[in-house]
Amino acid sequence: MSVASYSYQLQPARVRVEFFRLLPISLFVVAFGAAFGLAATQKGLEPLQAVLMSATVFAGASQFAAVDMWGTEVSVLPMIAVVFAINSRHLLMGASLYPMLKDVSPGKRYGLLLLLTDANWAVSAQEYQSGRRNLEVILGGGLALWLAWIIGTGLGVYFGGLLQDPKSLGLDMVLGCFLLAMALGGKKSPRVLVAWTVTALASLAAWKWLPANTHVVVGALAGGAIGFFWLERKPAPASDAEDSTHDR
C-alpha cells in the first residue's frame, strides 16, 4: 500500500517568525477578549466557563452573539443558526487556501484550520497572490491570536471593569484597518479592482436589505464570481516565446 506524500512541510523557524509578526495586532485582541470576558460573567457564566469557551471556540463575534442569547433557558437551534451565519465566511476562507492546504497531510490541514482567523488568512492569501506559499502564518500567527484571546478573556472575567467598551477607544477599527492594508498591499489589476468594487457594492446591499451577518458571505461570493468568470491570461512559456523569436 502506497503512502501519500505531501510536498508542503511546515518550517518551525518560519512559524516562530509569523508568531511575532502578528504579535502587535494580538495586543488589540486582548482588549476585545477582556470585553468578552466581562460580558460573559455579566450573563452568568462562571470565569472558567468563559475562558474554556474562548479556548475551544475561538470565534470572537460568534461568542459575543452566543453570550447575548444566553439565559436561564437557551434556544439551541437559533443559537446554532446565528453562529453558523457569522462564521460561514470560514467556508470561503478555507476554500481559498485549498491550493496550499492540499499539499499538507489531513491531520495538519484541519489543525491549521482551527487557528484560522481573518488576520492570518489575509496575510496568507495576500502572499499567495504574490506567488509565495505561507501556511506558517496560519499556525504561528494563529497561536499568537489564540493566546491573546484567552488571556484577554481571563483578564475580562476578573478585571473587566478596566476596559468595558473597547470601541470607545477606537480599537474596533484596528482589525479592519489591518485587513484593508493587506488588501491594498496585494497586486492590482483591472480584474482585481473590478472584483473589489463588486464585492463592496454587494456587501453594502446585503448589509442593508438581507439578514444580519450575511453581507460578508454575499460580498465574497460576488467577488469570487468575478474571479471565476474573468480568468487571467497566463504568460506564454519561455520556450514558446523563444520559438516565436526564432521563427522571425
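With contacts defined as alpha carbon pairs under 8 Å and 6 or more residues apart, what's the relative contact order of the stretch 57-145 in percent?
That works out to 22 percent.
Rounding to the nearest 20 debye, state how big the charge dipole of the stretch 14-73 is about its Cα centre with +1 on each Lys and Arg Cβ and -1 on each Asp and Glu Cβ. Walk me through the numbers before you get to the answer.
Numbers: 4 positive and 4 negative charges, 81 e Å.
Approximately 380 debye in magnitude.
What FRET efficiency comes out for T197 versus S130 if R0 is 22 angstrom and r is the Cβ-Cβ distance? Round to the nearest 0.05. Don't skip to the answer; put the middle values down first.
Values: r = 21 Å, r/R0 = 0.97.
Calculated transfer efficiency: 0.55.
Please list S124, S130 in order of solvent-accessible area, largest first, computed with a 1.4 Å probe with all protein chains present. Spell out each step's value before the answer.
Details: S124 0, S130 60 Å².
Output order, biggest surface exposure first: S130, S124.
Give, in nm to one decimal, the length gained when the segment between K188 and A95 is fully stretched (0.36 nm per residue of separation minus the Cα-Cα distance).
On the way: separation 93, 0.36 × 93 = 33.48 nm, distance 2.19 nm.
Extra length from K188 to A95 when fully extended: 31.3 nm.
Highest first, please rank the peptides 193-201, 215-223 by the mean number of other Cβ atoms sitting within 10 Å of their residues.
Going from most to least packed, we get 215-223, 193-201.
To the nearest 0.05, how large is the calculated FRET efficiency for S5 and F84 if R₀ is 35 Å and r is the Cβ-Cβ distance?
Once rounded, the FRET efficiency stands at 0.50.
Give me the distance between the Cα centres of the stretch 48-62 and the stretch 88-134, rounded to whole Å.
A separation of 22 Å, based on Cα centres.
If r is the Cβ-Cβ distance from L52 to W230 and R0 is 51 Å, what FRET efficiency results, to the nearest 0.05?
0.65
Can you give the net charge of the other residues whose Cβ lies under 15 Å from the Cβ of G219, counting K and R as +1 and D and E as -1?
Residues near G219 contribute +1 overall.
With the contact rule set at Cα under 8 Å and sequence spacing of 6 or more, what percent relative contact order holds for the stretch 187-230?
Details: 40 pairs, mean separation 20.5, N = 44.
Here the relative contact order equals 47 percent.
To the nearest 10 square angstrom, how much accessible area does E46 have with a 1.4 angstrom probe?
For E46, the solvent-accessible surface is approximately 110 Å².
Mind running the shape call on the stretch 187-230? Use the C-alpha gyration tensor, a ≥ b ≥ c as the square roots of the eigenvalues: rounded below 1.5 for a/c, prolate if a/b tops b/c, oblate otherwise.
Prolate, since a/c reaches 1.5 and a/b exceeds b/c.
The values are calculated or read from the model by the stated rules, or taken from the named source; none is laboratory data. Owing to the predicted nature of the structure, the values given are computational and were not obtained by experimental measurement. Note that each Cβ is placed from the backbone with ideal geometry, even for glycine, and that neighbours are counted across all protein chains shown. Please note that ligands, DNA and RNA were not included when accessible areas were found on the heavy atoms of the full protein model with its side chains. Shrake-Rupley method; radii C 1.70, N 1.55, O 1.52, S 1.80 Å.
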